[in-house]
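Heads up, the thing below is written out as structure tokens.
No lab work stands behind these numbers, since they all come straight from the coordinates. Predicted, not measured: the structure shown is a model, and the values here were computed from it. Don't worry about glycine lacking a Cβ; one is built from the backbone with ideal geometry, like all the others, and counts go over all protein chains shown.
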Amino acid sequence: MAFSVGIIGGVYGIGGGSIIAPFLITYFKLPVYTIAGAVLLGTFTSSGAGVAFYSLIPINGTVAAPDWMLGILFGAGGLLGMYFGAKMQKCIPEKWIKLVLGIIVFIIASRYILQFFI
């Protein structure tokens with residue numbers, strides 16, 4: 001399963017955490033708070049490796065320099081979110097977390113769909 005997630009995550013350019021987390025929750029019946037930190041750390045690590053890899057590859061003869069300050073800010077936010085999110089998930093029922101995340105995903109998807117037609 002990890003090999004497949006790695007291939008799919010690499011093809012789409014996303015961390016494997018967003019793919020493997022639903023499997024761990026659904027098939028292995030693990031509580032969300034037990035996997036959230038590990039999954040986010042895996043995504044953070046693969047993001048760091050991606051930045052390092054793509055900042056060294058020349059594209060059309062030049063190297064694409066990443067925006068380091070923005071990356072550091074996103075990384076710091078991710079690390080803080082990973083820590084506090086895993087702590088808070090023990091106190092909030094999974095039903096509410098799934099509901100709020102579902103609403104957020106629905107709103108974002110709706111905005112993308114509306115932008116396509118406008």
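To the nearest ten degrees, helix 2-12 and the longest principal axis of the Cα atoms of the chain are 60 degrees apart.
The alpha-carbon atoms of the chain, seen along their principal axes, cover 51, 39, 30 angstrom, with the largest extent given first.
How big is the C-alpha Rg of the stretch 21-90 next to the rule-of-thumb value 2.2 N^0.38 Å, as a ratio?
1.43
Taking all Cα pairs closer than 8 Å and separated by 6 or more residues, the relative contact order of the stretch 2-92 comes to 28 percent. Principal-axis analysis of the Cα atoms of the chain puts helix 32-56 at an angle of about 10° to the longest axis.
The region of the chain that goes longest without hitting one of the chymotrypsin sites (Phe, Trp or Tyr not before Pro) in a DSSP loop, each with at most 11 other Cβ atoms within 10 Å, is 29-118.
Under a Cβ-Cβ cut-off of 10 Å, what is the net charge of the residues other than Val32 that fall near it, where Lys and Arg count +1 and Asp and Glu count -1?
Once all neighbours under 10 Å are counted, the net charge is +1.
Per-residue ellipticity at 222 nm from helix content only, as computed over the chain with -39500 (n - 2.57) for each DSSP H run of at least four residues, stands at -26000 deg cm²/dmol.
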